[in-house]
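Below is one structure, written out as structure tokens, with a few remarks after it.
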Amino acid sequence: MSQKHKKIYFTSDFSPENIQKLKAEGWIIRDRRAVNIGDFIEEANEYGGDVPEYYKPKTQQLTVQLNTEIAPELQKTIDDAKAECEKVAAENDALKAEIEGIKTERDALVVKAKELEEQLNVSHAELVAVKNAGTTGDLLSENTDATTTKETKKK
């Protein structure tokens, strides 16, 4: 169950127009002249009109003055931290540049490796061709020798 917002309005004006207006705004009307110090204080969420002093919340004005200066030890710590951050940032930039250099070297080595692989494939193909040519030549010469030997024996 929700709790209703209670509003009490203290007044000495009980004219029909004023009562109608205050009730339309949701106020409970109390006669200001009938309230005395020491009487029971009726609790409400909101008070309006000529509110008696003892109904008003007791407040004290509090003035606080803050010192916004930074202690020297804290300032030194802050300065040291800033210097360390700048140093780390500079090292980070140097490492990024070094990485870029290494990437460039790697790319050049990849290109060189591809060129060497192509040269190796060409050399291998030439070697296979020479070997095959040599083997074919040996077979031809063996066949020629065998044919010549047979012909010589026939004679």
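Summary of computed values
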quantity: Residue, most open to solvent (accessible area, probe 1.4 Å), within segment 28-43, restricted to residues that are closer than 21 Å to K4 by Cα and either in contact with a helix residue (DSSP H, G or I) (Cβ under 9 Å, 6 or more places away or on another chain) or not in a loop (DSSP other than H, G, I, E, B) (or both); calculated: R30
quantity: Test: residue in segment 61-72 that is closer than 30 Å to H5 by Cβ and either at pLDDT below 85 or not β-branched (V, I, T) (or both); calculated: yes
quantity: Residue list for segment 68-80, filter: surrounded by 10 or more Cβ atoms within 10 Å (Cβ to Cβ) and not β-branched (V, I, T); calculated: L74, Q75, K76, D79, D80
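The values are calculated or read from the model by the stated rules, or taken from the named source; none is laboratory data. Quick caveat, the model's predicted, so the values are computed rather than measured. Here the Cβ is made from the backbone with ideal geometry for all residues, glycine too, and neighbour counts use every protein chain on show. Ligands, DNA and RNA are excluded from the accessible area calculation, which covers all protein heavy atoms including side chains. Shrake-Rupley method; radii C 1.70, N 1.55, O 1.52, S 1.80 Å.
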